[in-house]
Amino acid sequence: MKNLKLAGRGDHERTVIEVGDLRIGADLVVIAGPCSVESEEQTMIIARAVAKAGAKMLRGGAFKPRTSPYSFQGLGLKGLKILAKARAETGLPVITEVLDTRDVGWVTEYADVLQIGARNMQNFALLKEIGKVEKPVMLKRGMFSTYAEWLSCAEYIMDAGNPNVILCERGIRTFETYTRNTLDLSVIPSMKTLSHLPVFVDPTHGAGRVELIPPMALAAIAAGADGLIVEVHHDPSTAQSDKDQAMLPEQFERMMTMIERLAETLKEPVFNGRLDFVPWNLRKESTE
Amino acid sequence: MDLKKVRKQIDQIDFEILKLLNRRMEMALTSSKFKDEVADPAREKEVLASVEGFAHGLVRPEFGRELFQRVIGESRRLQKEGLALVGFQGEHGANGEMAAMMFLPNGAYIPCPEFSDVFDGVAAGYLDYGLVPVENSLGGVVSRVNELMVDSPFHVVGEVMLPVHHCLLALKDTDYRDIKVVRSHPQALAQCRGFLKRHKLEARPFYDTAGAARMLFQNRPEGNAVIAGELCARLYHLEIIKENIEDHTDNVTRFQVIAREPCREAGDKCSIVFSTEHRAGALFDVMKAFADHELNLTRVESVPLGGTPGNYVFFLDFEGSDQDEVVQQALDEVRPNTTMFRFLGCYNSVAAAAASGDGADK
């Protein structure tokens, strides 16, 4: 792959991004929260629940990229203020999506991590604007994008001055219609070879069916993902967006227990000799 | 013109009426300081007669009379409450008003155009207290206030440490993306320079933070926002776009409270002002007295006096009570070493509870 002098593996150290006490790229980080910030009450309920279950960061959309212009577009600035309030109460840092170059500065005032959604992965004007910001960016993989295209977008952000990029796989479009997207888990070890950036997985959008989330989440961690980003809603039937794929807080809590157990297990090599894969970030000592 | 615009104008007019009504109540309270009895039937008659005279157009004289009978009734009720009148410089919503609220949670807060009006009001007796800023942790000494302090014959009866938090405020129907120009007092603009730069906003000076907020609400210029305190958002129906936009989080203005009579309660802090002879060691002799009696100085300020180059007065604050014997001894040693000496007062300090923020800067 060419022209990836900043995002490509090269001789770079693995990128570790500090957000408060979190070390993204070094510790396993689970991000959870509602798809959209709908109200202060809804966001607070979910923020408290995910914090209790062990999530380390709160997600929540204030600006929503919707297929239809008539769908709920997000609360905007009001949503950002609600997220800031939820952070003040739970102590969880906040990640939220930015859609519009005009909003980059304003979202930066409130969020700890900015997110570029799959639909905007190749919005180069937005990437350049985000590159000027001093906050980390999670770059989601476009649903039709190759690894090279994805990394080139990371390169755009880094070239503009922001080295703190987190890659996030969220599923790609295939001919299959049973799942919303096809979650490409092979991207995780591939990105560990092709790049030095942290790799997250979004099993919620990747699968689009709530029952598929725990197995896909566990598989992602087993494959070496640095973290997950998951949608949780206390009352999915009333959710303004993504109601079919949000986990209930109790489901999320159970999944977190499984994740903890898996992470514990993966710390020891289980396959003697021939296949001694240990997710790099769970190794006791970095052998790289 | 459509219904929406007409209604907006009506809202605007209501705001004006209520603002003027509030001003009228403030004046009614002020008038009560000049008379012994609350009820003054002769004056009330006079007021109602002139209201009937002023009534014109669609406002019938009878309607004017009825309305003002209610207004006078409310004024009378307020006068009976015996609220203390606390003056501050600036318009409603100014930092001085926030400091006044901290000093006396249940008072009537009277805006004064100039610092000298606060001093005059206290001297003349229609203000019970005056709040004046003496220094700011970022901006330094407020020289005009200190000059007025030297000459005025009153007492310092309290101090308020006001944490200054700037908010970006805009009209409720303004899209924050359209904001291009931000108006405020030059000092507030300077304290938010980083924020303004980040968002590529043009800073335009205005004489006062609260005044800028009022102007925004009344004139509704497009693409404009103001930097002012949270109180202004409430008073002028503005939306807080962003709280705590100051570049340095520790920004405190120190206000002193002035009154005609000294503080009755025992204080823990004292203020003096003095000048010394022009000779080597004159100021040192004064300072030495405080050192010898182990009194901690919390503020030392020199202020140039009356335009004569090289002549200064010194403001000095220290910890201790005027009831303490050591304080009396120290002051007895200080006096002979000064050419002018005034004990401004002994008082307690009011500090704000931890300011609430959105936690963004933890």
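Quick rundown of the values:
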| quantity | calculated |
| --- | --- |
| Sole exception among (1) in contact (Cβ under 8 Å) with a residue 12 or more places away in the chain; (2) within 19 Å of the chain's Cα centre (by Cα) for A:Asn123, by number | (1) |
| Residues of the range B:161-212 classified as more than 11 Å from chain A (Cβ to nearest Cβ) and either in contact with a Gly (Cβ under 6 Å, 6 or more places away or on another chain) or exposed (fewer than 15 other Cβ atoms within 10 Å of the Cβ) (or both), total | 14 |
| Residues being under 22 Å from A:Ala154 (Cα atoms) and open to solvent by less than 60 Å² (accessible area, probe 1.4 Å) - total across the range A:164-180 | 9 |
| Hey, B:Ile245 within 14 Å of chain A (Cβ to nearest Cβ) and either out of contact with any helix residue (DSSP H, G or I) (no Cβ under 9 Å at 6 or more places or on another chain) or touching a residue at least 12 places away in the same chain (Cβ under 8 Å) (or both) or not | yes |
| Selection count, the range B:229-275, where residues are small (Gly, Ala, Ser) and over 21 Å from the mean Cα position of the chain (by Cα) | 3 |
| Selected residue (only one of B:Glu147, B:Glu97 is in a helix (DSSP H, G or I) and open to solvent by less than 30 Å² (accessible area, probe 1.4 Å)) | B:Glu97 |
| Count of residues meeting criterion [assigned to a loop (DSSP other than H, G, I, E, B), touching a residue at least 12 places away in the same chain (Cβ under 8 Å) and open to solvent by less than 60 Å² (accessible area, probe 1.4 Å)] in the range B:27-55 | 2 |
| Where B:Glu91 falls short, out of the listed (1) within 25 Å of B:Asp268 (Cβ to Cβ); (2) open to solvent by 20 Å² or more (accessible area, probe 1.4 Å) | (1) |
| Residue within the range B:311-318 that is at pLDDT below 90 and either assigned to a loop (DSSP other than H, G, I, E, B) or within 14 Å of another protein chain (Cβ to nearest Cβ) (or both) present | yes |
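The values are calculated or read from the model by the stated rules, or taken from the named source; none is laboratory data. These figures come from a predicted structure and were not determined experimentally. Note that each Cβ is placed from the backbone with ideal geometry, even for glycine, and that neighbours are counted across all protein chains shown. Remember, those area values only see protein heavy atoms, side chains included, never the ligands or the DNA or RNA. Shrake-Rupley method; radii C 1.70, N 1.55, O 1.52, S 1.80 Å.
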